[in-house]
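Take a look at the structure below.
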Amino acid sequence: MVRVERRGKHQLAVLDDGSTLHVHFRMTGDWAMSQRGEALPRFARFVLDLESGASVVLADPRALSTVELLAPGSTPSTQLGPDAVSPEFDAAHLARALARRTIPIKPALLDQRVVAGIGNIYAAEALWLAAIDPRVPASRLRTRDLQRVVRAVNRVLSRGRDGSGRYASSGSARLNVYDREGKRCTRCGTAIARITQSARSTYWCPGCQVNPVLPEARP
Ligand SMILES: [Zn+2]
């Protein structure tokens, strides 16, 4: 194995012959280490035997993870955006990735082709922190709005990432909007609302999360 690159819940391992192993962990997948000849861990789905005698095992209770072997030079079936905590995730990248997207900004942040590693909770929390309405069409946001989004994503992820380097599904960090429908916004006191976008719940504050594209929308 030459190098391993992580993008959100995806991992790209470049092998000696130039081929790439693309692993998507989904909900419950993770690596476990083992020695050759040992009994495999429970829920082992995929085993990679290394020359050292160690084995890397993909364990996944729900068996939702996917493993794809890519020939040298080919790209993953899922085009992956940069990892949300990498320097490549910036306003310029977002502007390019969202230029022709008519979908709202909230589902756009969940699209792994735009950016890898932002889940439903953190997308809602980041847009609250950036004070941006989750329904704004992604392509309408200007550079300064996108800079606010990037800064907010970095802040919520740095608070919520667990020690193993993966994203905690629910961090110990205090949530400002997620799962708080009807409760008061900690910033402006308005009741938190819940809407459905792309079949996922979006929690947001109609009081202080504004549409930055419309100047009259700011209270
Ligand atoms: Zn508010």
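So the values come out like this:
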| quantity | calculated |
| --- | --- |
| Filtered residues of segment 63-114 (kept if assigned to a loop (DSSP other than H, G, I, E, B), closer than 30 Å to residue 41 by Cβ, out of contact with any Phe, Trp or Tyr (no Cβ under 9 Å at 6 or more places or on another chain) and not polar (S, T, N, Q)) | 71, 76, 80, 85 |
| Tabulated pairs, segment 193-215, first more than 18 Å from residue 109 (Cβ to Cβ), second loosely packed, with under 14 Cβ neighbours inside 10 Å and modelled with pLDDT of 95 or more, C-beta under 6 angstrom, 6+ apart or interchain | 207/188; 208/188 |
| Residues satisfying the stated conditions in segment 126-155, i.e. under 13 Å from residue 89 (Cβ atoms) and β-branched (Val, Ile, Thr) | 149, 150, 153 |
| Selection count, segment 115-135, where residues are within 16 Å of the ligand (Cβ to nearest atom), not in a strand (DSSP E or B) and not aromatic (Phe, Trp, Tyr) | 10 |
| Criterion violated by residue 8 - all others in (1) on the phi > 0 side of the Ramachandran plot; (2) exposed (fewer than 11 other Cβ atoms within 10 Å of the Cβ) satisfied | (2) |
| Check on residue 124, among the aliphatic types (A, V, I, L, M), modelled with pLDDT of 85 or more and touching a His at 6+ places or on another chain (Cβ under 7 Å) | no |
| Residue count for segment 175-185, restricted to those that are surrounded by fewer than 15 Cβ atoms within 10 Å (Cβ to Cβ) and either farther than 21 Å from residue 153 by Cα or among the hydroxyl-bearing types (Ser, Thr, Tyr) (or both) | 4 |
| Considering residues of segment 105-132 that are in contact with a strand residue (DSSP E or B) (Cβ under 6 Å, 6 or more places away or on another chain), of a type outside the set (Gly, Ala, Ser) and surrounded by fewer than 24 Cβ atoms within 10 Å (Cβ to Cβ) only, the residue nearest to residue 199 (Cα to Cα) | 107 |
| Condition met for residue 65 (surrounded by 14 or more Cβ atoms within 10 Å (Cβ to Cβ) and within 24 Å of residue 115 (Cα to Cα)) | yes |
| The lone exception for residue 103 - which of (1) in contact with a Lys or Arg (Cβ under 8 Å, 6 or more places away or on another chain); (2) closer than 25 Å to residue 136 by Cβ it fails | (1) |
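This table checks each residue for (1) farther than 20 Å from residue 27 by Cα; (2) more than 8 Å from the ligand (Cβ to nearest atom); (3) assigned to a loop (DSSP other than H, G, I, E, B); (4) not charged (D, E, K, R).
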{"site": "175", "(1), (2), (3), (4)": "yes, yes, yes, yes"}
{"site": "178", "(1), (2), (3), (4)": "no, yes, yes, yes"}
{"site": "188", "(1), (2), (3), (4)": "yes, no, yes, yes"}
{"site": "194", "(1), (2), (3), (4)": "yes, yes, no, no"}
{"site": "202", "(1), (2), (3), (4)": "no, yes, no, yes"}
{"site": "207", "(1), (2), (3), (4)": "yes, no, yes, yes"}
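The values are calculated or read from the model by the stated rules, or taken from the named source; none is laboratory data. What you see is a predicted model, and the numbers here were worked out from it, not measured in a lab. As a convention, Cβ positions derive from the backbone with ideal geometry for all residues, glycine included, and neighbour counts pool all protein chains shown.
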